[in-house]
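Worksheet: the structure to be examined is printed underneath.
No lab work stands behind these numbers, since they all come straight from the coordinates. This structure is a prediction, so every number in the text was calculated from the model and none was measured. Counting neighbours? That spans all protein chains shown, and the Cβs are built from the backbone with ideal geometry, glycine included.
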């Protein structure tokens, strides 16, 4: 019995060896060289003809499709079924070995990436995940993890791509439905983002074209040194008493700062991250973008910029090589030296100022001040440099007053287009607001 078993095992071994050699021999004989002179065929490892010494040429190699794994048709370069370029058996073996090596390395990077991700070191995690994907992308969990991480850091397009890859690689996974829902949410977010980008590009084109003309138009006017009467009696407490104030010579913007001008400033801040001109006390991480910057209002280059807080106005003025006016400077530029109530005179007329819907700067020629400043009544109220003290006139100096040294709110002058009575638009009217707030009725102009 033992003798029979030994013979049986010997027979099986010989059969397997013969089969293996046959496969090897088939692979080898399918790859042969031929003498171009006499036509004699040789094994693929022989390089010269034994009859005439001519260098042999490669005539045929068995080919296979790397995608569907089916044998290729001799003489053809691409697979008939899926269009993939055919490769030789040798190339396939080499590719499979390389693929196995890449998968091993990819799994190592994947593991390192997971460690970094668990420690919230997302930059390092992403670097490892990317290396893994470059080496071997067909690991479902790898596609899921890198997609999740891209989504977490706000790179929605990349997140969607990798999460879709996960669903393709693991269609039967238990969490596929959840991942598909996540992809839909990311897509909606990406669509909104792309819409904003498109609007930004359109706005950029509008602003870029309008800015040269606006810069040429928006000059400054000289306010000569000398005294004027500030404040008024017989009205609200914060506007009295009227008193004589001497102001040194200064220049003030003829118009309020426009959307286009402020757009240029914002573009500079975003590109350079240069906050060297900003106020030392401004809120941390402030980027100076007005509230609701995406609204259509900001697509109009010559509208006065609004929803800027005091720190925004301060930063713009310093960036432009200017500053915000004191309220004494602002009032002199608005009323001149004859104690007029409104920039154009002592009789109020709605048609001489922007009340109601927004309008481009300088739309009311007959509403300008004695020095030629536009929109100092109506349009937007304007930030001043001073801290707000409603009883300051009782103690203010009579030469170049600058307000109290500290406070909680800043002075706003000029009324706005939302005022419905003339008294709110007088040159003497004073209001205060927190420097950290901005609204659609407040803008600014600069002096130097």
Treating the angle as unsigned and between 0 and 90°, give the value, to the nearest 10°, between the Cα long axis of helix 310-319 and the longest Cα principal axis of the chain. 80 degrees
In degrees, nearest 10, the alpha-carbon axis of helix 156-169 is tilted away from the dominant principal axis of the alpha carbons of the chain by 30 degrees
Please work out the ratio of the alpha-carbon Rg of segment 115-246 to 2.2 N^0.38 Å and round it to two decimals. 2.10
If the label point is 7 Å along Cα→Cβ of residue 195, which residues in segment 159-178 have backbone nitrogen under 20 Å from it? 160
At 0.36 nm per residue, and after removing the present C-alpha to C-alpha distance, how many nm does the segment from residue 202 to residue 127 gain when stretched out fully? 23.5 nm
Cα-based Debye curve of segment 363-448 sampled at q = 0.11, 0.12, 0.19 Å⁻¹ gives log₁₀ I(q)/I(0) of -0.32, -0.38, -0.94
Among [x] 83, 24, 18; [y] 34, 29, 19; [z] 39, 23, 22, only one was calculated for this model; which label is it, if the read-out is semi-axes √(5λ) of the Cα gyration tensor in Å? [x]
Averaged over every viewing direction, what's the projected area of the C-alpha convex hull for segment 99-192? Give it in nm², one decimal, please. 5.8 nm²
Work out how much length residue 84 to residue 294 would gain on full extension: take 0.36 nm times their residue separation and subtract the Cα-Cα distance, in nm to one decimal. 70.8 nm
For segment 218-443, radius of gyration divided by Kirkwood radius, i.e. Rg to Rh on alpha-carbons: 0.94
Among 135, 56, 425: highest mean-square fluctuation, GNM of the chain, C-alpha pairs under 10 Å: 56
Against the longest alpha carbon principal axis of the chain, how many degrees, from 0 to 90 and to the nearest 10, is the axis of helix 89-118 turned? 40 degrees
Rg/Rh for segment 339-399 to two decimals, with Rh computed the Kirkwood way over all alpha-carbon pairs. 1.05
If we count other beta carbons within 10 Å of each Cβ, what is the order of 129, 393, 42, fewest first? 42, 393, 129
Dividing the alpha-carbon Rg of segment 298-383 by 2.2 N^0.38 Å yields what? 1.14
Equivalent ellipsoid dimensions for segment 224-346 as semi-axes, Å, which come from the Cα gyration tensor, largest first: 32, 17, 14
Residue 115 paired with residue 318, simple spin-label distance in nm, labels 7 Å along Cα-to-beta-carbon: 4.5 nm
Label-to-label distance, nm, for residues given as residue 248 and residue 221 (7 Å Cα→Cβ offset): 2.3 nm
